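Shown next, in structure tokens, is the structure this report addresses.
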Amino acid sequence: MTESPGGSANVPSRDRRRFPGISSRSYEHPADRSALVALRKLSGFDTVFKTLSGLLPERSLRLLFLSDSVRVGEQQFAHLNDMLRDACYILDLEKVPPMYVNQDPQPNAMCIGLDEPIIVVTTGLVELLDEEEMRAVIGHEVGHALSGHAVYRTILLFLTNLAMKVAWIPLGNVAIMAIVTALREWFRKSELSADRAGLLVGQDLQASMRGLMKLAGGNHLHEMNVDAFLKQADEYEAGGDLRDSVLKILNLLPRSHPFTTVRAAELKKWAESRDYQRIMDGHYPRRDEDKDTSVSDSFRDSAAHYADSVRNSKDPLMGLVRDIAGGAGDLGGKLRDTVFRGGARPDGQGNGNGNGSNGSGGGDRPAS
């Protein structure tokens, strides 16, 4: 422990860059940022939201963690306490949120709470990660707290549980699930934001990559390779046809987090960007400027991000979207040829050249 430049004692020693007054806008994913800026601009939104959320069992959750988990502090999980204080110091979060370790073999961490955020990590996660990997995870959760994600995460957990309880009522959970689906889409983007915050805290890209890789494959680093893991993300995006694109969407919808290979690839891309370098050089938006943030500018940034994603994506569905936007002439034929491999049509007439599929005169069935 050392004394900080400001004179406050009992602060972990650190040799990492610090970002005084940093705004969460610095690291937020464009889709996450535009949604949050719009919400923050609504006068009294958070107050009304929390008032309407009075039925949420937040007090019960806090009492549950207090009574049945281990609170991190100087006398309990002191190394995690040092990392937590360090993360709050680096991101200039004024109040250190309480953190608990919960007995659960499933590796997980979350930041929840309406009035004040609390961070919970499981024993499975603590046992899985080394110190630098854990530092990135705690920075990830502190990033959630700084961005104000805890409120919406708590609502998502509540609504998900509510939807399960009313699922037996005819049409009872349709409206709830619509809200849950929308919140999950936002929260997946917020996870990408928090991954960036974790990198700003840990300032070790390899540690962040290792942590994500362990979440996917367990504590077997000697059997895994970061570069090979990132190639999986590229193969996932580019592989298959339109049917696979639809399956990817269906697989993703029920999840609150993006797939780990995708998160790793997204974080590596951001770490190599000019935006990250500018933050590390000390050039970033400040919190005291948040009130002057333009909603329209944030939406333009979000739209530009999605347009760029479509342009650069290797996914077959995104390729079709580019064709539509570009006014492809034979779009129907391209769609047919993409779905039915090799140009074979469901009517068994081949590729339309009058000679049958591949000129053989026979009709091949579409691939399964």
Could you state how much accessible area Arg135 has, in square angstrom rounded to the nearest 10, with a 1.4 Å probe and all protein chains kept in place? 20
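Across segment 82-152, how large is the tail of the calculated P(r) beyond 21 Å, expressed as a percent of all Cα pairs?
Working: 460 of 2485 pairs.
When every Cα pair of segment 82-152 is considered, 19 percent fall beyond 21 Å.
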Please calculate the 1.4 Å probe accessible area of Val226, with all protein chains present, and give it to the nearest 10 Å². 30
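So with the 1.4 Å probe, I'd like the accessible area per residue for segment 65-118, rounded to whole Å². Please report the intermediate quantities before stating the final value.
On the way: 2780 Å² over 54 residues.
It amounts to 51 Å² per residue over segment 65-118.
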Which far-off residues, 5 or more places away or on another chain, put their amide H under 5 Å from the one on Tyr100, with H placed in the peptide plane? Val72, Ile119, Val120, Val121
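The values are calculated or read from the model by the stated rules, or taken from the named source; none is laboratory data. Source: prediction; values computed, not measured. Ligands, DNA and RNA are excluded from the accessible area calculation, which covers all protein heavy atoms including side chains. Shrake-Rupley method; radii C 1.70, N 1.55, O 1.52, S 1.80 Å.
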